[in-house]
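Visitor: There's a structure below that I have some questions on.
The values are calculated or read from the model by the stated rules, or taken from the named source; none is laboratory data. The shown structure was predicted, so the numbers you read here are calculated from the model rather than taken from an experiment. Positions of Cβ are backbone-derived with ideal geometry, glycine not excepted, and every protein chain shown enters the neighbour counts.
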Amino acid sequence: MSVAVPPALEGLRLRLRADVPLATRTTLRIGGPARLLAEVDDVAALAGVLRWAARGGTPLLMLGKGSNLLVADEGWDGIAVVLAGKLLAVAVEGETLRAGGGASLAALSAAARDAGLSGLEGLSGIPSTFGGAVRINAGSYGSEVFDHLVEATLVTRGGKVRTVPAGAIAHGYRWTALVESGEVVAAGSLSLARRPREEIVARLAEVREKRRMALPVEPNAGSIFKNPPGDFAGRLLEACGLKGTREGGAEVSPRHANVIVNAGGATAADVRRLMARMQAAVRERFGISLEPEIVVLPARAPGAGPPRPGSSGTTGAGSGP
């Protein structure tokens, strides 16, 4: 349902809707509606929405591809923001690829392939936006985003815009300082290397086949837990005999022990209970506490209308990919 744009956002390139279902916007296909969803078409609109939400203390969710996210069954008690318009653009300049934060890694990989540029093949199958991938330093098959990131245009939760070199953003395994600061990646650039197109195509096909063989086909959010230092969460969970374990419609994938699939009708509550069982089993057997890789959103309070600036709210969350 469309809603009137508040005076503070008039003239900006955006669209607002209320009570938008989020289940279809997440790869787990789970979750209730967002009180408000804003689609923003450029940096000015993004900054305006972030500023508006911050002034009102309204919870904020940057919704990328929803691949690293568990939305509560009751929904999201705030504003979900989707990058659109100019923030989806991808362009190649020499050996530099520039992209908006809302562009998918698949789109970046395709543009790089067509330009004969290599470096993104390992990331090509991750169902993430560029901005979400930068936020958590997404990686796969020996490659991480920060291996190639040159700079990023960031928007603070207060609506201030700045462009910084990649080296100015503290980062590590599946983490960057943006997780704590809440800054949003509006755009960025990557430095890639020239390779024969046939080599790039072959590597893309290899990665695609590896992902097909390793990951389940059922709706899922990818890796549920981060790898602990010196080990793999999947190995620990498999050693505990957890493959196939179920809570309601949520199941530990028989194909990959660190992936929970929606086997049919799963709820967020099912997933949370299953995650707790997985953590408890690993802690009991190995003395290791697994840390979630997915973002688990708090439940929406019942009975309230769309958020307004000036209403109370929890600290904003970021979805990652």
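Visitor: Of the residues Ala187, Ala193, Ala202, which is closer than 24 Å to Gly131 by Cβ, surrounded by fewer than 20 Cβ atoms within 10 Å (Cβ to Cβ), at pLDDT 95 or above and of a type in the set (A, V, I, L, M, F, W, C)?
Guide: Checking each option against the conditions leaves just Ala193.
Visitor: What are the pairs with Cβ atoms under 7 angstrom where one residue, in the range 23-34, is touching a residue at least 24 places away in the same chain (Cβ under 8 Å) and not assigned by TED's automatic domain parsing to the domain that holds Thr129 and the other, located anywhere, is among the β-branched types (Val, Ile, Thr) and part of a helix (DSSP H, G or I)? Sequence gap at least six, or different chains.
Guide: Every condition considered, the pairs that remain are Ile30/Val271.
Visitor: Quick check on Glu218: is it under 30 Å from Glu251 (Cβ atoms), out of contact with any His (no Cβ under 8 Å at 6 or more places or on another chain), surrounded by 13 or more Cβ atoms within 10 Å (Cβ to Cβ) and of a type in the set (Asp, Glu)?
Guide: Judged against the criteria, Glu218 is a match.
Visitor: Filter the range 90-105 for residues that are in contact (Cβ under 8 Å) with a residue 40 or more places away in the chain and surrounded by fewer than 22 Cβ atoms within 10 Å (Cβ to Cβ) and give the result.
Guide: Matches in the range 90-105: Glu95, Thr96, Arg98.
Visitor: Taking into account only those residues within the range 130-147 that are under 11 Å from the mean Cα position of the chain (by Cα) and either of a type outside the set (Val, Ile, Thr) or modelled with pLDDT of 95 or more (or both), which is surrounded by the most Cβ atoms within 10 Å (Cβ to Cβ)?
Guide: The residue in question is Phe130.
Visitor: Something else now. Please find, within the range 5-61, the residue that is farthest from the chain's Cα centre (by Cα) out of those that are among the acidic types (Asp, Glu) and at negative phi.
Guide: Only one residue fits best here, namely Glu10.
Visitor: Leu236 versus (1) farther than 20 Å from Gly75 by Cβ; (2) in contact with an Asp or Glu (Cβ under 6 Å, 6 or more places away or on another chain): which is the lone unmet condition?
Guide: Among (1) farther than 20 Å from Gly75 by Cβ; (2) in contact with an Asp or Glu (Cβ under 6 Å, 6 or more places away or on another chain), Leu236 violates only (2).
Visitor: Report yes if some residue within the range 49-59 is of a type in the set (A, V, I, L, M), farther than 29 Å from Ser189 by Cα, surrounded by 20 or more Cβ atoms within 10 Å (Cβ to Cβ) and touching a helix residue (DSSP H, G or I) at 6+ places or on another chain (Cβ under 9 Å); otherwise report no.
Guide: no
Visitor: Quick one: in the range 23-34, of everything that is of a type outside the set (Val, Ile, Thr) and crowded, with 24+ Cβ neighbours inside 10 Å, which residue is farthest from Ser223 (Cα to Cα)?
Guide: This residue is Ala34.
Visitor: Please determine, by comparing only the residues of the range 148-177 that are in contact with a Lys or Arg (Cβ under 7 Å, 6 or more places away or on another chain) and under 20 Å from Leu120 (Cβ atoms), which one is surrounded by the most Cβ atoms within 10 Å (Cβ to Cβ).
Guide: Step by step, filter the range 148-177, then rank; the result is Thr176.
Visitor: Right, another one. Return the pair list, or none, for Cβ contacts closer than 6 Å from residues in the range 123-140 that are without any contact (Cβ under 8 Å) to a residue 60 or more places away in the chain to residues that are assigned to a loop (DSSP other than H, G, I, E, B) and of a type outside the set (Lys, Arg), at least 6 apart or on different chains.
Guide: Phe130/Gly101; Phe130/Ala103
Visitor: Right, something else. Between Arg235, Arg157, Arg208, which is of a type in the set (D, E, K, R), more than 23 Å from Glu93 (Cα to Cα) and free of Cβ contacts under 8 Å to residues at least 40 places away in the same chain?
Guide: Answer to the check: Arg235.
Visitor: While we're here: Considering only residues that are surrounded by 18 or more Cβ atoms within 10 Å (Cβ to Cβ) and closer than 20 Å to Gly64 by Cα, which ones fall in the range 108-117?
Guide: Leu108, Ser109, Ala111 - these are the residues of the range 108-117 that are surrounded by 18 or more Cβ atoms within 10 Å (Cβ to Cβ) and closer than 20 Å to Gly64 by Cα.
Visitor: I would also like to ask the following. Return yes when Leu46 is in contact with a Gly (Cβ under 7 Å, 6 or more places away or on another chain), under 21 Å from Ser181 (Cα atoms) and touching a residue at least 60 places away in the same chain (Cβ under 8 Å) and no when it is not.
Guide: No: the conditions fail for Leu46.
Visitor: Of the residues that make up the range 71-87, is at least one over 19 Å from the mean Cα position of the chain (by Cα), under 19 Å from Val296 (Cα atoms) and among the β-branched types (Val, Ile, Thr)?
Guide: For the range 71-87, residues over 19 Å from the mean Cα position of the chain (by Cα), under 19 Å from Val296 (Cα atoms) and among the β-branched types (Val, Ile, Thr): absent.
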